[in-house]
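Take a look at the structure set out below.
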Amino acid sequence: MRAESTPALWWRVWNGLRGTNTTTLTEKDVPVPDLTGKWIIISGSNNGVGFEAAKKFAKAGANLILACRDPPPTEQHPNAAVAECKELASSASHESIIEWWEIDMADLSSVESFAQRWLATELPLDILCNNAGMPPTPVPVRTKDALEILHQVNFLSHVLLTHRLLPALASASEPRIICTTSCFQFFGAYDLAHFNCEEGMLGSSYANNKLYFQMWVAEMSRRLLLHPSYKHITINGVHPGYVYTGIWDNPRPEAGKTLHFRFFKSLASWFAISPEQGSVGIVYAATSEEFAGNREVQGVGVLGGKGGGHYINRVWDAEPMPYCNDEEARLEVWRKAGEELKLKERGLDGIL
């Protein structure tokens with residue numbers, strides 16, 4: 001534990017509460033540019049903020065791949081999401097390609113298959129939205145990859161997918177990677193001894209993983225800038241807001257019984273923003289000039305752009321946990337993620 005990097009509790013609570021900002025944002029406040037011809041992959045896009053973001057991308061003319069698992073009956077099927085996105089694109093006079101490609105973030109072989117399918121198209125990837133996620137569970141659940149399921153779905157699978165798709169992103173002119181992190185990072189603990197959410201840490205695993213994800217975003221940004229082939233790729237983390245989505249209505253059965261889950265669900269039902277409002281942050285981070293890179297450094301966006309490695313609270317640039325600015329701490333998270341994913345054995349260890 002790096003105690004010198006741990007901010008005071010009041011600071012963490014204050015910044016965590018800033019994530020509950022419920023300001024209503026309209027299309028006039030946050031316009032979406034024309035995305036005709038752009039290719040976007042967005043995971044977890046059959047429901048919630050991912051689906052609402054996909055609808056905005058479709059209406060703006062983008063070609064879309066909805067990266068989703070074959071869901072349980074409690075969730076909207078991706079085929080229905082594709083149909084609605086196609087209708088929105090058509091109503092805006094766009095002839096976009098919009099498809100569902102199956103990916104199971106709880107299965108690393110599925111992530112690999114998805115990535116190889118995209119690479120086989122030899123198409124440039126303009127925007128990758130690492131959005132899929134799940135709520136915490138009160139008991140450890142191991143995947144076939146021997147990883148705790150929340151740790152894998154919310155963090156590690158996105159790391160693997162991003163590494164695999166770097167060649168496709170590099171071939172785009174102004175590529176961006178958007179990672180759905182969270183204001184819950186401020187309640188996370190930098191505790192690498194329990195990096196894989198070992199039993200006894202499940203109550204804080206969600207917050208911990210959001211912290212690790214934002215730290216990884218900062219480290220990835222630094223490494224992209226140092227690589228001649230990747231320095232034009234911009235990556236940012238975004239907190240879409242405190243959103244009332246289907247996660248609260250259809251939790252894992254054992255999660256729904258816990259006191260803290262019921263408490264936060266009750267708060268969300270009264271104070272949270274809608275999935276449509278939550279999607280604004282993802283779309284803004286993916287398309288705005290404000291969070292594009294600096295042309296002289298990263299080769300994208302407008303001169304004086306903010307570049308990558310940021311934490312965006314809905315649509316506002318915000319300060320992340322201090323660990324994100326701690327090079328040693330970031331490197332430890334980077335290495336730990338690489339070890340758990342066996343990136344060296346996958347031939348991905350030395351690309352950045």
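Quick notes
- Most tightly packed first, judged by the mean number of other beta-carbon atoms within 10 Å of their residues, the peptides 125-135, 87-97 read 125-135, 87-97.
- Carbon + sulfur, % of accessible area of the chain - ligands and nucleic acids excluded, 1.4 Å: 53
- Anchor LYS336: lysines whose Cα lies under 24 Å away (excluding residues fewer than 8 positions away in-chain): LYS144, LYS210, LYS231, LYS344
- Amide hydrogen neighbours beyond the local backbone of HIS239, cut-off 5 Å, H modeled: THR181, ILE312, ASN313, ARG314
- In nm, spacing of pseudo-spin labels at ARG117 and LEU192 (7 Å Cα→C-beta vector): 3.5
- Dividing the helix sum by the residues of the chain, where each DSSP H run of 4 or more adds -39500 (n - 2.57), gives a mean residue ellipticity at 222 nm of -12000 deg cm²/dmol.
- Distance between segment 19-91 and segment 127-174 - C-alpha centres, whole angstrom: 19
- Under-5 Å amide H pairs with GLY307, H placed in peptide plane, nonlocal only: ALA292, GLY293, ASN294
- Gained length - GLU289 relative to ALA83, 0.36 nm times residue gap less alpha-carbon distance: 71.2 nm
- Spin-label pair LYS144-ARG12: with each label point 7 Å from Cα along the Cα-Cβ axis, the two points sit 3.7 nm from one another.
- Label-point gap, in nm, between GLU319 and LYS344 - each point 7 angstrom along Cα→Cβ: 3.8
- A simple rule links phi to the HN-Hα coupling: the Karplus curve 6.51 cos²θ - 1.76 cosθ + 1.60 with θ = phi - 60°, which for segment 8-25 gives 5, 4, 4, 5, 5, 5, 4, 6, x, 5, 5, x, 9, 4, 10, 3, 6, 10 Hz, with x for Gly and Pro.
- Chain lengthening between THR74 and GLU327 when straightened (0.36 nm per residue, less Cα-Cα): 86.9 nm
- Evaluated over segment 265-352, the Cα radius of gyration and Dmax, each in Å: 17.4, 48
- Within the listed set ALA170, ALA80, ALA285, the Gaussian network model of the chain (springs between alpha-carbon atoms below 10 Å) gives the highest mean-square fluctuation for ALA80.
- Sites matching trypsin sites (Lys or Arg not before Pro) across segment 14-97 that sit in DSSP coil, with at most 12 neighbouring C-beta atoms within 10 Å: LYS28
- Ellipsoid equivalent to segment 1-154 - semi-axes via the Cα gyration tensor, in Å: 30, 24, 15
The values are calculated or read from the model by the stated rules, or taken from the named source; none is laboratory data. These figures come from a predicted structure and were not determined experimentally. Virtual Cβ from ideal backbone geometry, glycine too; neighbours counted across all protein chains shown. With ligands, DNA and RNA removed, areas are computed over all heavy atoms of the protein, side chains included. Shrake-Rupley method; radii C 1.70, N 1.55, O 1.52, S 1.80 Å.
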